[in-house]
Amino acid sequence: MRLGEHGLSESEAERVRAVRLGAVLRNTPWMMAANVGNAAVTLAAFRDSTLFPWITLWTIFVSILAVMTSLTWWRTRDRPARQTASIRGVRKAVLYAGVLSVLWAMLVAVFYFHADEHQKLVLVAITVGMSGGGGFALATIPAASITFGLFMGIGSAVALTAAPSLIGINLFILYVIYFVIIVRSSLSLCQSLSARVRAQLAADEQRDVISLLLNDFEQNASDWLWAADENHIVQRASSRFFELTGKRVEDVCGHPLWQVLPCRDGDCRTTRSNTNGPLALREQLERREPFRDFELCVEQNGKPGIWSLSAKPVFDEKGLFAGHRGVARDVTAAREARSRIEHMARHDPLTDLGNRVLLSENLDHALSRLGHFNESFSILLFDLDRFKQVNDAHGHGAGDELLERIAGILRSFATELDTLARIGGDEFAFIHATARDPKASAELAERIIAALQEPFQLSTGTVRIGVSIGIACAPIDGRDADALMRNADLALYRAKADGRNRYRFFDLSLDRAARRRNLLEQELRNALATEALTLHFQPLVNAQTGKVVCFEALVRWTHPTLGSISPAEFIPIAEDAGIVSQIGGWVIRQGCQIAAGWPQDVRIAINLSPRQFNSPGLFSAIKGAIEETGLDPSRLELEITESLLLNTTGAVESTLAALKGLGVRIALDDFGTGYSSLSYLRKYRFDKLKIDQSFIRDIDSDADSRAIVDAILRLGRDLRISVAAEGVETEGQYNLLRELGCNEIQGYLIGRPQPHGAITQFLPEAAA
Ligand code: C2E
Ligand code: MG
Ligand code: MG
């Protein structure tokens with residue numbers, strides 16, 4: 001029964017059976033007509049024979065069977081073809097083939113022996129014809145085909161045995177050959193049928209999966225499908241589209257795609273992406289090419305949005321263009337999210353100015369415009385003066401508020417073409433794209449400096465800051481981004497070094513200075529490691545008695561190839577490089593140790609730079625040095641500068657108080673050169689003021705200098721603060737200062753800074 005089902009799974013076999021039975025069923029009327037026809041021919045051949053009544057009876061049997069079969073076929077002909085068939089169906093077909101073949105086999109087996117030659121011929125022809133025809137008609141069911149042929153063969157064999165003849169034997173041999181061929185063909189037909197059904201099953205399955213997915217897609221996805229014909233007229237669109245647009249089917253189907261979509265003209269500004277309008281869509285469709293993610297600007301619920309369309313062209317069997325099949329989706333939210341992320345990647349969250357990424361991109365653009373159109377531009381780097389103090393004194397909230405206000409001011413100076421970026425805590429960059437000459441940038445810098453000089457009213461109080469600006473102009477100061485940034489930075493550095501709150505242009509000397517700075521920074525680290533620094537000491541004398549009361553320790557560095565380098569040059573470098581505390585620590589230890597061997601009435605003055613003063617280890621370094629060396633703290637004088645006291649923070653005040661608590665003296669160095677706010681003279685109890693040498697230099701020739709020095713001396717007297725004058729080089733200066741009541745004198749006139757071994761002449765009472 002299962003012949004021809006080899007290698008099939010049960011579900012496949014069921015499908016294959018249904019196809020096979022269906023093929024046999026389709027042949028039923030023809031087979032039945034052949035049966036009835038052949039029976040009639042047989043009846044005609046035996047009409048004069050004595051066997052006629054028997055043959056008639058046989059014919060009636062055959063006809064009844066044929067008519068019944070045909071009637072069954074007739075009743076079921078309109079039923080849809082069955083998709084599967086059980087093995088019972090096959091069994092029934094085999095039984096039926098058996099019954100029919102037995103009837104035909106009986107005809108030849110029973111009547112052949114009694115037939116005359118003519119009748120024999122008819123019987124042989126009908127037997128061979130029927131077995132061949134039946135075999136082929138039943139070929140799709142090998143079991144039935146074989147059964148049919150087998151019984152017919154048995155019938156013929158019986159007939160031959162009853163009436164043997166040579167021709168009969170030959171015919172039988174031929175019959176056997178046909179039978180084998182029929183069986184073979186039947187089996188191979190079944191095989192190809194199985195393969196076809198299998199392929200069909202696979203295709204069906206794939207179709208089922210696809211339709212399942214499509215159904216799911218249509219019902220759940222935000223995407224929608226569309227189909228347009230060769231004239232781009234919409235044929236179909238999925239329900240999601242009608243939901244989205246609120247349109248009816250008749251308003252959509254039958255119209256060109258670009259007319260039914262809610263396109264907006266122009267671009268979708270809010271999303272800043274490259275979207276298209278209806279015209280571009282039409283052009284795209286007319287190209288008859290596949291396309292992906294074609295972004296269309298639409299209007300939904302009164303708001304701009306973006307739909308993304310993808311489609312493939314379809315072609316008919318003649319290869320002619322038959323329209324597009326595509327998918328569309330609303331990507332507004334995704335695009336907005338993307339542009340938000342892109343914005344975030346290029347902007348500073350606090351001020352919403354650009355960040356370094358945007359700066360470097362726009363700098364590249366400006367450089368490419370310079371290359372192509374020779375459009376010169378300049379870059380300005382800003383560093384806020386005293387921002388840190390605002391942050392420390394007023395809190396980070398106030399710092400942020402100030403930065404936002406500054407960003408607003410800077411924005412008001414920028415045109416559409418310029419770029420503004422915040423590139424550090426209090427650092428900003430400005431690409432002045434419209435600067436055709438340096439003068440324009442200088443004017444811009446002046447206006448910005450003036451604007452930022454105004455006091456800012458913050459929620460925590462009023463603050464004053466300033467701004468230092470470095471300017472590099474392209475192409476004079478560089479043709480690539482790195483060079484321009486570096487040069488603007490050097491100019492900024494110069495602006496800060498020149499006293500802040502000013503702008504400086506880059507020039508080549510800055511480059512040289514920067515190279516030297518880099519070299520010195522490197523070398524200074526080595527000098528620290530190899531203890532190549534030394535201390536010199538410069539005496540201060542009592543103006544009235546001329547007795548040495550103090551030595552100022554001044555650090556010295558003699559480089560093997562660069563020679564002696566002034567602390568005025570390398571201390572700021574050490575500050576920037578973050579190693580000033582190490583140098584300062586060494587000076588403190590060394591100074592205290594040496595001073596411990598001096599007479600009790602000689603003090604040592606040690607300079608502290610602002611960075612060093614603000615470093616956390618300062619107090620313990622000083623305390624440690626005093627304890628280790630046993631130096632009386634009142635013999636240690638620490639020189640600080642006014643810049644430390646500007647916008648002071650709690651930290652500076654408490655360190656000062658702690659140091660005073662140790663019993664050390666605090667001197668205010670370079671008095672008169674800084675901001676000289678007199679309020680901090682009242683706020684902090686200084687032990688000494690050191691009048692800067694710039695006032696002393698021309699004290700005997702310039703009345704103004706003299707007036708200032710006189711005023712400082714009087715102030716010191718009134719506040720009971722000792723006053724020293726530095727840089728005294730002449731007897732005249734000395735005498736004048738003594739007359740004006742100056743307490744201490746320091747300068748080349750008394751003695752130059754010298755190594756410890758050379759100052760013993762000033763220390764007559766103790767071995768130095
Ligand atoms: P300063 O503290 O004001 O030191 C006085 C400077 O004036 C010294 O320069 C000194 O050599 C110079 N000077 C003294 N008398 C005269 C004079 O009669 N005429 C002239 N023309 N100059 C005179 P120096 O040694 O080059 O030091 C420069 C600055 O470097 C110092 O200014 C001080 O601020 C800083 N410095 C020096 N040593 C140290 C140190 O160990 N630590 C820190 N933080 N700073 C130091
Ligand atoms: Mg000093
Ligand atoms: Mg000084």
What is the extension gain from Ala322 to Ser620, computed as 0.36 nm multiplied by their sequence separation minus the C-alpha to C-alpha distance, in nm to one decimal?
98.5 nm
Long-range amide H contacts for Glu744: which residues qualify at under 5 Å (H placed 1.01 Å from N, peptide plane, sequence gap of 5 or more or a different chain)?
Ala543, Val723, Ala724, Ala725
When the dipole is taken about the Cα centre of segment 1-156, and only Lys, Arg (+1) and Asp, Glu (-1) are charged at their Cβ, what size is it in debye, to the nearest 20?
580 debye
Using +1 on the beta carbon of Lys and Arg, -1 on that of Asp and Glu, and nothing else charged, what's the dipole of the chain about the Cα centre, debye to 20?
3940 debye
Tell me the accessible surface of Glu627 in square angstrom (1.4 angstrom probe, heavy atoms of protein chains only), to the nearest ten.
130 Å²
Sorted by packing (mean other beta-carbon atoms within 10 Å per residue), highest first, where do 79-92, 503-516, 51-64 land?
503-516, 51-64, 79-92
Can you give the helix-only mean residue ellipticity at 222 nm for the chain, where every DSSP H stretch with n ≥ 4 adds -39500 (n - 2.57) and the sum goes over all residues, rounded to the nearest 500 deg cm²/dmol?
-18000 deg cm²/dmol
How many nm separate the modelled label positions at Asn735 and Arg515, each set 7 Å beyond the Cα in the direction of the Cβ?
5.1 nm
Length gained, Lys92-Ser185, 0.36 nm per residue minus C-alpha separation, equals 31.3 nm
If R₀ is 30 angstrom, what is the calculated FRET efficiency for the pair Ala44 and Thr76, using the beta carbon separation as r and rounding to 0.05?
0.40
Between Glu283 and Arg447, what is the FRET efficiency for a Förster distance of 56 Å, r being their Cβ-Cβ separation, to the nearest 0.05?
0.70
Along the charge dipole of the chain, Cβ charges K/R +1 and D/E -1, which of His232, Ser360, Phe430 sits furthest on the positive end?
His232
Want the number for Arg714 to Leu57: 0.36 nm per residue separation, take away the alpha-carbon distance, what's left?
220.6 nm
Taking a label point 7 Å from the Cα of Asp507 along the Cα→Cβ vector, which residues of segment 419-459 have an amide N closer than 20 Å to it?
437-446
Given a 1.4 Å probe and the protein chains all in place, what does the accessible area of Glu523 round to, in Å² to the nearest 10?
50 Å²
Please list, in order along segment 51-57, the HN-Hα scalar couplings obtained from phi with the Karplus expression 6.51 cos²θ - 1.76 cosθ + 1.60 (θ = phi - 60°), rounded to whole Hz, x for Gly and Pro.
7, 3, x, 5, 4, 4, 4
Return the aspartates and glutamates within reach of Lys388: Cα separation strictly under 14 angstrom, same-chain partners fewer than 8 residues apart disregarded; answer none if there are no such residues.
Asp400, Glu401, Asp426, Glu427
Per the charge dipole of the chain (beta-carbon charges, Lys/Arg positive, Asp/Glu negative, Cα centre), the residue among Ser49, His536, Leu257 reaching farthest to the positive end is Ser49
Cβ-derived FRET efficiency at R0 51 Å, Leu417 paired with Cys253, nearest 0.05
0.55
Accessible surface of Thr545 in the full protein assembly, 1.4 angstrom probe, to the nearest 10 Å²?
100 Å²
Compute the relative contact order of segment 347-506 as a whole-number percentage, counting only Cα pairs closer than 8 Å that sit 6 or more residues apart in sequence.
28 percent
Roughly speaking, what is the centre-to-centre gap between segment 57-104 and segment 348-414 when only Cα atoms are used, to the nearest Å?
95 Å
Once the dipole of segment 526-762 is set up from charges on Cβ (+1 Lys and Arg, -1 Asp and Glu), the residue from the list Ser643, Phe551, Ala595 lying farthest towards its positive end is Ala595
Mind giving me the nanometre distance, one decimal, between the label points for Glu299 and Asp482, set 7 Å out from Cα along Cα→Cβ?
5.2 nm
Of Phe294, Phe373, which has the most accessible area with a 1.4 Å probe, and how do the rest follow in descending order?
Phe373, Phe294
Hey, can you grab everything whose amide H is under 5 Å from the amide H of Tyr503? Only 5+ residues off in sequence or another chain; H modelled, so Pro and N-termini drop out.
Ile469
Shape call, segment 347-506: gyration tensor on alpha carbons, a/c limit 1.5:
prolate
What is segment 224-338's relative contact order, in percent, from Cα pairs under 8 angstrom and six or more apart in sequence?
26 percent
Show me, for segment 340-356, the HN-Hα J-couplings you get by feeding each phi into the Karplus relation (A = 6.51, B = -1.76, C = 1.60, θ = phi - 60°), rounded to Hz, glycine and proline as x.
5, 5, 4, 5, 4, 5, 10, 10, 7, x, 6, 9, 6, 7, x, 10, 4
³J(HN,Hα), Karplus 6.51/-1.76/1.60, whole Hz, each residue of segment 434-446, x for Gly, Pro
9, 6, 7, 9, x, 4, 4, 5, 5, 5, 4, 4, 4
In debye, nearest 20: dipole of segment 133-265 around its Cα centre with unit charges on the Cβ of K, R (+) and D, E (-)?
720 debye
What is the chain's relative contact order, in percent, from Cα pairs under 8 angstrom and six or more apart in sequence?
6 percent
Packing-based order for 598-605, 346-353, 204-211, using average beta carbon neighbours within 10 Å, highest first
598-605, 346-353, 204-211
Non-local amide H neighbours of Ala85 (under 5 Å, H modeled in plane, Pro and chain starts lacking H): which ones?
Arg15, Arg17, Ala18
Net charge, Met485 excluded, C-beta distance under 11 Å - Lys, Arg +1, Asp, Glu -1:
-2
Please give the Cα centre distance for segment 587-647 versus segment 289-315, rounded to the nearest Å.
75 Å
Under 1.5 on a/c is rounded, so check that first for the chain, then, if it is not, pick prolate when a/b is larger than b/c and oblate when it is not; a ≥ b ≥ c are the square roots of the alpha carbon gyration tensor eigenvalues.
prolate
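The values are calculated or read from the model by the stated rules, or taken from the named source; none is laboratory data. What you see is a predicted model, and the numbers here were worked out from it, not measured in a lab. Note that each Cβ is placed from the backbone with ideal geometry, even for glycine, and that neighbours are counted across all protein chains shown. Just so you know, the surface numbers come from the protein's heavy atoms only, side chains and all, with ligands and any DNA or RNA stripped out. Shrake-Rupley method; radii C 1.70, N 1.55, O 1.52, S 1.80 Å.
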